[in-house]
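So the structure is just underneath, and the comments pick up after that.
The numbers here are math on the coordinates, done by the rules we state, and not lab data. This structure is a prediction, so every number in the text was calculated from the model and none was measured. Because the Cβ atoms are built from the backbone with ideal geometry, glycine has one as well, and the counts that use them run over all protein chains shown.
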Amino acid sequence: MTLTDVILQQVINGLSLGAMYALLALGFTLVYGILELINFSHFNVFMVGSFIAMYVLQAFGLSGQTTILTGLPLVGVLVAAFAVTMLACGAIGVGIERFLLRPLRAVKGPAAMILTIGVSYVLFNLVILGSGADSKNFPNPLPALQWPIGGAVLRLREVLIWAVSLLLMGGLTYFVGYTKLGKAMRATAQDPEAARMMGVEVDRVIMTAFFLGAALAGAGGLIFGLYYNFTSFIIGFNAGLRAFTAAVLGGIGNVPGAMLGGLMIGLIEAFSGAFIATAWSDVIIFSILVLVLVFRPAGLLGRVAPNKS
Amino acid sequence: MLDKSGRDGSALLEFRSVNTYYGDLHVLKNVDYFIGKGEIVCLLGGNASGKSTTMKTIMGVVRPHSGEVVYDGQPISKLATNERVKRGIAPVLEARRLFPRMTVYENLELGAYTQPRGAQFDEDLERVYELFPRVKERRTQLAGTLSGGEQQMVAIGRALMARPRLICMDEPSMGLSPLFVEQVFDIIQTINRQGTTIFMVEQNANMALSIAHRAYVLQTGVVVLSGSAAELRENEDIKQAYLGEMQVAPT
């Protein structure tokens, strides 16, 4: 492998990881943008999502990497798995908002954030209780198709991850930019009281943000399983922390920022793993975070102070 | 007697012995207002008199502790803000409060949030653009990049997009140059003549009383004076407290 091939390969790997982090980072940013709340339960909604996805795939009779599907059955199974996982995670997100966070809405201070940490631990332990603490072999029905690009290799799973991520991020961008509810969401993020006085049902907007964020985390959980061929109760912490870093790096509250931040974190992780050592990935990722925060406290695409004039 | 704006002496909005609290702080104390259909009614008062609380109580952001807010003959104290906007109450908020990182057009769309899209929306948009050609020119610009006067036009246009029967304005002249203040008050009169009732909180008592039909004076949450605008303009206490002050400290 020449240096160019190594670089190309790491771009492929990095963009795949990055797409997953971006999907996850969007959930942090959507909720933060509206409530200025860091939702730590998001870490483990992602993890639960990958378990739900695993059960859905198993329900189709798949296990491990032994059953390979092609053509329509493959597309059907994947569409169903993404749809069920995203809806189920979305419902979990809405439940967390409606029944746990909304009663705390009027309480100032860190109570709501602490609550999300609590919820995160509850989800974490529920999964251990329900499925045990061993890591699970994730069903992967994708054929082992791959295409050489120079000396690098592009696999079907990467193409799938990019396609799904592009579709979801494009959909979200359209929703936030051009639909009535999406515009209400941006208005609420900029000035909740004014939005309310325009007749926007702020509770509905908040619920939508939680639904979308959690659904994207669900998609991220499924992607994690397809990419790494395993899942475990522990995966939420590492991926969640990186995705949160991605959101802050891009400018928390900023939708394109979360996408950019996610891709950057993915690329940094891939390159530092290839050129230095995997053990250094976290050091490098979080050092870059610290540097960005020192020199651009609002993140790459964020604004230093909200302009509410 | 009816005039062009449909004034017939019946109430569009009433406060009946309204009391509001922020925690232990008693803000509005047994307040009564009567805003007749087609009127411009102005609310004068210094800082912390309860003017903004009045506005928030009308919009349903603050709920009265006791008493009743009646709109078009029906009690609305328990209605959600969204429902009030649907019924035709639209605000022009203090300091305008546009959505700064959305375009002028999107701000107008949000004004019409409770209204169906379609022919009616286009008609309302056309009306706003006619009233404010400047707003039409700026429609693709981010609202936060506009001058204060332009922002005020968008804020009034945004309220009109809700097809309101009652517009509640919180300090429409705040932070505007004298030239713009005059324009804004002209527009308010025009809108009123086209049939919309106006309830306006204003520091610029001189200007406000020159276009209002009636006025209330609020002091630390109590209505201390009310009457026709002409009467209040001649009232010695008002001259002392508001009209004189405005000449010393023009906004």
Charge tally in the Cβ shell below 15 Å around B:Y216, where Lys, Arg are +1 and Asp, Glu are -1, B:Y216 excluded
-2
Simple spin-label model, 7 Å along Cα-to-Cβ: B:A119 to A:I7 in nm?
6.2 nm
Taking N as the number of residues in the protein assembly as shown, what is its alpha-carbon radius of gyration divided by 2.2 N^0.38 Å?
1.17
What are the chymotrypsin sites (Phe, Trp or Tyr not before Pro) within the stretch B:100-176 that DSSP puts in a loop, where the Cβ has at most 10 other Cβ atoms within 10 Å?
none
Can you give the average number of partner chain beta-carbon atoms within 10 Å of each beta-carbon in peptide B:79-91, as a whole number?
3
Of the peptides B:219-229, A:231-241, how do they stack up when ordered by the mean number of other Cβ atoms within 10 Å, highest first?
A:231-241, B:219-229
Among the aspartates and glutamates, which fall within straight-line cross-link reach of A:K136, defined as a Cα-Cα distance under 18 Å, with same-chain neighbours fewer than 8 residues apart omitted?
none
Could you state the number of Å between the C-alpha centres of the stretch A:1-43 and the stretch B:64-118?
39 Å
Between B:A230 and A:V290, the FRET efficiency computed from the C-beta separation at R0 = 56 Å comes out, to the nearest 0.05, as 0.25
Please sort B:32-42, A:4-14 by packing, taking for each peptide the average over its residues of neighbouring beta carbons within 10 angstrom, highest first.
B:32-42, A:4-14
For the A:V122, A:K180 Cβ pair and Förster radius 25 Å, calculated FRET efficiency rounded to 0.05 is 0.10
Evaluate the charge dipole of chain B about its Cα centre and quote only its size in Debye, nearest 20, assuming +1 on the Cβ of each Lys and Arg and -1 on the Cβ of each Asp and Glu.
640 debye
With 32 Å as the limit, write out which pairs from A:K183/B:K56; A:K108/B:K136; A:K108/B:K51; A:K180/B:K29; A:K108/B:K239; A:K108/B:K78 have Cα-Cα distances beyond it, or answer none.
A:K108/B:K136; A:K180/B:K29; A:K108/B:K239
How long are the three semi-axes of the equivalent ellipsoid of the stretch B:96-163, in whole Å, if each is the root of 5 times an eigenvalue of the C-alpha gyration tensor, listed from largest down?
18, 12, 10
Within the stretch A:250-309, which chymotrypsin sites (Phe, Trp or Tyr not before Pro) sit in a loop by DSSP and count at most 11 neighbouring Cβ atoms inside 10 Å?
none
How big is the gap, in Å, between the Cα center of the stretch A:82-143 and the Cα center of the stretch B:145-223?
48 Å
Surface/4 estimate of mean projected area, convex hull on alpha-carbon atoms of the stretch B:35-191, nm²:
9.6 nm²
Ranking request for peptides A:137-148, A:206-217: highest mean number of other beta-carbon atoms within 10 Å first, then the rest in descending order.
A:206-217, A:137-148
Expected integer from the mean partner chain Cβ neighbour count at 10 Å over B:175-181 is 0
How big is the equivalent ellipsoid of the stretch B:126-185 along its three axes, where each semi-axis is √(5λ) from the Cα gyration tensor, reported in whole Å from largest to smallest?
17, 16, 10
Within 10 Å of each Cβ in B:98-106, how many Cβ atoms from other chains are there, averaged over the peptide?
5
Tell me the net charge near A:M207. Cut-off is 15 Å between Cβ atoms, A:M207 excluded, with +1 for each Lys or Arg and -1 for each Asp or Glu.
+2
Sparse-neighbour loop sites [trypsin sites (Lys or Arg not before Pro); the stretch A:80-112; at most 16 other C-beta within 10 Å; DSSP]:
A:R105, A:K108
